[in-house]
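A quick write-up on the structure given underneath.
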Amino acid sequence: MAGSLRIRVENAYDGAPRTFYPVVVIGAGASGIAAGCRLKQKCGCDQFLVFDRQSGIGGTWWRNRYPGVVLMQDRPAFFYSFSFAPNYLSKTIFPSGRDYIDYLYNVVERAGIADKIQLNTEVISLEWIEKDAEWEQYISQVYGQDSRGKKTEAVEIVRAKVVISAVGVLAESSEWPSSVASRDTYNGQLLHSARWPDKISLDGQDVVLVGSGCSAAQIAPALLQTKVKSLTQIMRTAPWLVPRVEEPGGRDAYAKWAPRIYGMIPGLRYTEEASCLAHMRALAPITYHDQLTPTYQLGCKRRIYDNDWLRGMHDPRFMLESRPWRSVADTSITVGDGDNAKTYHADTLILATGFEATQFLQPISVVGRHGLSLHGLWATRGGPHAYLGTAVDGFPNFFLILGPNTFSGHTSVIMAIENSVDHAMRLIAPILDGQVESIEPKTIAVQTWLTGIRRDMASTVFASCQSWYNGGGRYNSVMYPGYIDITHTIHNRRHLLSAESVPFAKETLCLPPIQYSDKVIQDTFDLDSRLREVDILWNKCDMRWASTYWVGFQVANMRPRKKLHGK
């Protein structure tokens with residue numbers, strides 16, 4: 001489909017020119033890259049632009065450059081590659097952050113969309129212009145910086161018919177904990193895992209590392225490979241630790257043969273709590289066994305697939321501290337209360353405190369119909385939400401990739417990304433073809449979906465503890481409360497690899513079909529039982545299309561014109 005909408009410059013003669021794009025994608029991480037690729041491959045559209053505020057593609061993987069950074073230790077590289085661009089060439093089971101960035105750049109080059117990505121450009125705000133049925137966007141582009149680090153920026157206004165948010169959930173980092181006093185009194189070096197300096201040495205320093213998630217579990221053993229004087233790690237809660245698969249035959253042999261056999265590696269099996277504890281006790285010093293025993297159910301937080309962190313705890317320079325962090329002063333930190341308090345010297349303090357995953361689309365201002373603020377709407381309804389995680393009532397032609405309640409948690413996020421992208425492409429296609437002016441979910445559809453999500457979330461393991469999934473105990477807007485049945489399709493669907501389903505909930509996340517008058521086009525997923533007879537609003541729709549709608553995620557029962565009119 002070539003489409004009738006084209007990139008153009010408007011108001012040029014009036015001295016206030018602005019560029020119109022049929023589609024704007026916000027974010028050039030894995031979600032934005034997938035959206036760009038599928039716009040071109042599925043919709044035949046090359047009239048789009050991807051904005052990203054960073055200086056390179058990759059999203060959170062471009063930003064996170066801490067020591068030891070590895071692409072998710074819970075699934076092999078194959079499961080973190082797109083079905084339309086499988087990664088068989090990884091020389092390790094768990095590639096580094098650099099390796100994954102190289103893979104994404106390769107995907108972009110092969111898809112021919114490198115010229116569609118504009119870096120160093122931040123989207124500040126979005127506003128729906130009703131009379132034009134377009135989104136007006138304020139963007140800030142960084143052109144460079146002087147010797148003092150001051151950036152040169154320019155603000156520009158652009159328009160778009162369709163906006164795809166590929167901002168992701170790991171965009172805004174969690175900063176200083178609100179429970180820790182005296183932040184301004186700390187005079188040591190302060191680092192964050194999401195903003196690691198390019199060149200830095202911690203040799204000879206007393207280092208304190210805050211956090212016990214995946215990032216902290218990678219940073220700790222990496223620092224112990226350097227000449228740090230000491231490493232004290234502050235852990236609020238113990239994670240569930242699962243054995244990490246080692247490269248068959250050793251790393252050198254695997255690197256040699258992996259590109260030939262990578263497509264044959266099966267998914268990993270889930271382990272039970274007893275085997276996780278046995279793994280931890282086999283590798284960690286006995287003095288830490290009680291501290292490393294979780295007090296919540298397996299699956300409530302993301303598991304850590306690790307061997308190196310536990311082994312590194314035997315290093316005499318390492319100290320694991322589970323008393324709560326209370327305050328800082330000069331170059332020291334204090335944990336515990338009263339007689340149980342203890343102070344550690346900290347030349348450098350590293351915050352591996354993760355991200356504000358529940359703060360979707362922060363800090364972008366999004367204003368839809370009738371001046372309605374997206375964040376304001378979410379606040380009145382109790383938290384971020386979207387129909388099937390992809391669209392919100394009152395915000396036409398606006399689609400979220402990896403939106404609220406689409407995260408799988410214990411499986412590859414690529415599955416959720418591709419499902420969201422494929423959904424969005426089906427809805428965007430008639431807009432780009434000029435047959436539909438705008439599309440949005442009905443309010444009843446969104447509310448019914450939200451009610452079901454909250455009802456089902458209460459009976460899952462995700463509701464049993466505080467985690468970054470629920471913002472420390474608040475409404476869980478991140479996780480999908482159902483089984484995630486992953487079917488990764490490769491070689492143009494000639495082979496299938498399946499990973500195990502998440503054993504902590506009840507349903508199946510699926511891809512609804514597009515139904516035409518004579519047949520149903522359905523992918524390799526079954527229709528979700530959650531979908532009700534609540535569909536979508538097609539505004540100013542070309543009435544040559546069928547007026548009845550298909551049940552489910554904003555997909556219409558559309559008839560091609562030639563079948564309706566014999567053309």
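The values are calculated or read from the model by the stated rules, or taken from the named source; none is laboratory data. All values derive from a computational prediction rather than experimental measurement. Every residue, glycine as well, gets a Cβ built from its backbone with ideal geometry; the counts of neighbours run over all protein chains shown. Ligands, DNA and RNA are stripped out before the accessible areas are found, and what is left, the full protein with its side chains, is counted by its heavy atoms. Shrake-Rupley method; radii C 1.70, N 1.55, O 1.52, S 1.80 Å.
General observations
- Taking each residue of the range 423-441 that is in a helix (DSSP H, G or I) and looking for partners that are open to solvent by 10 Å² or more (accessible area, probe 1.4 Å) and of a type in the set (Val, Ile, Thr) with beta-carbon atoms closer than 6 Å, six or more apart or interchain, yields 426/514.
- Every pair of residues 6+ apart whose Cβ atoms lie under 6 Å, when the first sits in the range 379-393 and is within 11 Å of residue 450 (Cα to Cα) while the second is among the polar types (S, T, N, Q): 383/477; 384/477; 389/405; 389/406
- Residue tally, condition among the β-branched types (Val, Ile, Thr) and over 20 Å from residue 224 (Cβ atoms), over the range 320-352: 5
- Among all positions in the range 67-75, there is at least one residue which is crowded, with 16+ Cβ neighbours inside 10 Å, at pLDDT 85 or above and closer than 25 Å to residue 354 by Cβ.
- Qualifying residues in the range 305-343 (those that are among the hydroxyl-bearing types (Ser, Thr, Tyr) and in a strand (DSSP E or B)) - the one nearest to residue 214 (Cα to Cα): 305
- From the options 384, 294, 363, residue that is part of a loop (DSSP other than H, G, I, E, B) and open to solvent by 30 Å² or more (accessible area, probe 1.4 Å): 363
- Where a residue in the range 185-202 is more than 20 Å from residue 331 (Cα to Cα) and its partner, wherever it lies, is open to solvent by 30 Å² or more (accessible area, probe 1.4 Å) and of a type in the set (Lys, Arg), with Cβ under 8 Å and at least six apart: 194/63; 195/63; 198/65
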